[in-house]
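A.B. asks: One structure follows; several queries about it will come next.
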Amino acid sequence: MEFLKLILTSLLSIVVLFIIAKVMGHKQVAQLDFFDYICGITIGSIAAELATELEFTWKPLIAMIVYGAVSAGLSILTSKIPKMRKYVNGAPSILFNNGKLYRENMKKAKLDLSEFLMMCREQGYFDLNSIQTAVFECNGKLTVLPVSTERPVTPADMDLAPEQEHITTEVIMDGRVMSENLKRMGLDTNWLDKQLKAQGYHNAKEIYLGICGSDNKLSLFKAN
């Protein structure tokens with residue numbers, strides 16, 4: 001009986017954790033700000049406690065709901081009242097600009113020079129002279145604006161106007177035809193069969209991945 005209850009509380013923990021994660025949004029799997037990071041860790045710890053709590057299951061369950069509700073509520077509140085964002089999420093700080101390092105902002109960000117230089121190198125900048133502005137974001141990530149002479153050349157710099165590229169869509173995955181994706185692109189299986197035969201294949205089962213662009217160009221990848 002106790003073993004069965006342990007299984008049920010574990011399943012309850014998984015279900016509640018999944019629901020709370022969906023309510024809190026995708027920020028929990030992206031770059032987090034300080035408050036989201038703390039909430040994510042705490043909710044995970046409470047979920048582990050809920051999975052093994054056999055007598056007072058309602059206690060960790062309520063705690064999880066409260067943490068999830070507060071996090072979701074603050075997210076809504078900061079979207080409605082932008083001025084609150086700097087108090088809840090923090091604000092970005094300029095650490096370097098036009099050849100000048102900002103010591104006070106470095107102290108506020110709890111960074112020393114070695115850490116700052118490491119973060120610059122992680123962005124691909126080994127020479128500070130290549131950087132115009134470096135900003136320490138509230139999620140702990142450094143963003144860099146290079147000086148104009150150091151940034152990559154763009155088509156606009158060369159007076160070129162290349163055709164706009166668009167994302168591709170998977171139409172075959174692991175030998176299975178993605179019918180919904182084909183339909184969304186205005187295509188069908190008859191079109192796909194013709195394309196497969198034109199490229200020397202008999203059916204979709206021979207293909208590991210097939211992707212199609214907005215120009216209806218089909219790229220096929222066969223598994224080795």
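A.B. asks: Would you say Ile76 is closer than 30 Å to Val16 by Cβ, open to solvent by 90 Å² or more (accessible area, probe 1.4 Å), of a type outside the set (Lys, Arg) and at pLDDT below 90?
C.D. replies: It is true that Ile76 is closer than 30 Å to Val16 by Cβ, open to solvent by 90 Å² or more (accessible area, probe 1.4 Å), of a type outside the set (Lys, Arg) and at pLDDT below 90.
A.B. asks: What are the residues in segment 72-117 that are part of a loop (DSSP other than H, G, I, E, B) and more than 30 Å from Ser148 (Cα to Cα), if any?
C.D. replies: Result: Ile81, Asn89.
A.B. asks: May I ask you to list pairs of residues, at least six apart or on different chains, whose Cβ atoms are under 8 Å apart, with the first in segment 89-112 being within 25 Å of Ser75 (Cα to Cα) and the second being charged (D, E, K, R)?
C.D. replies: Asn89/Asp33; Gly90/Asp33; Ala91/Arg85; Pro92/Glu137; Ser93/Lys108
A.B. asks: Now for a different question. Are there any pairs with C-beta distances below 9 angstrom linking a residue in segment 195-224 that is closer than 21 Å to Arg184 by Cα and assigned to a strand (DSSP E or B) to a residue that is open to solvent by 80 Å² or more (accessible area, probe 1.4 Å) and among the charged types (D, E, K, R), with the two at least 6 apart or on different chains, and if so which?
C.D. replies: These pairs meet every condition: Leu209/Asp174; Leu209/Lys222.
A.B. asks: Also: Please determine whether any residue of segment 156-174 is open to solvent by less than 40 Å² (accessible area, probe 1.4 Å) and either of a type in the set (A, V, I, L, M, F, W, C) or modelled with pLDDT under 90 (or both).
C.D. replies: Within segment 156-174, one or more residues are open to solvent by less than 40 Å² (accessible area, probe 1.4 Å) and either of a type in the set (A, V, I, L, M, F, W, C) or modelled with pLDDT under 90 (or both).
A.B. asks: Looking only at segment 79-100, how many residues end up being aliphatic (A, V, I, L, M) and open to solvent by less than 70 Å² (accessible area, probe 1.4 Å)?
C.D. replies: Of the residues in segment 79-100, 4 are aliphatic (A, V, I, L, M) and open to solvent by less than 70 Å² (accessible area, probe 1.4 Å).
A.B. asks: Could you look through segment 53-73, keep only residues that are touching a Ser or Thr at 6+ places or on another chain (Cβ under 7 Å) and modelled with pLDDT of 75 or more, and pick out the one that is least open to solvent (accessible area, probe 1.4 Å)?
C.D. replies: Per the stated criteria, the residue is Thr57.
The values are calculated or read from the model by the stated rules, or taken from the named source; none is laboratory data. None of these values were measured; they are calculated from a predicted model. Cβ atoms come from the backbone with ideal geometry, glycine included; neighbour counts cover every protein chain shown. Side chains included, ligands, DNA and RNA excluded: accessible areas come from the protein's heavy atoms. Shrake-Rupley method; radii C 1.70, N 1.55, O 1.52, S 1.80 Å.
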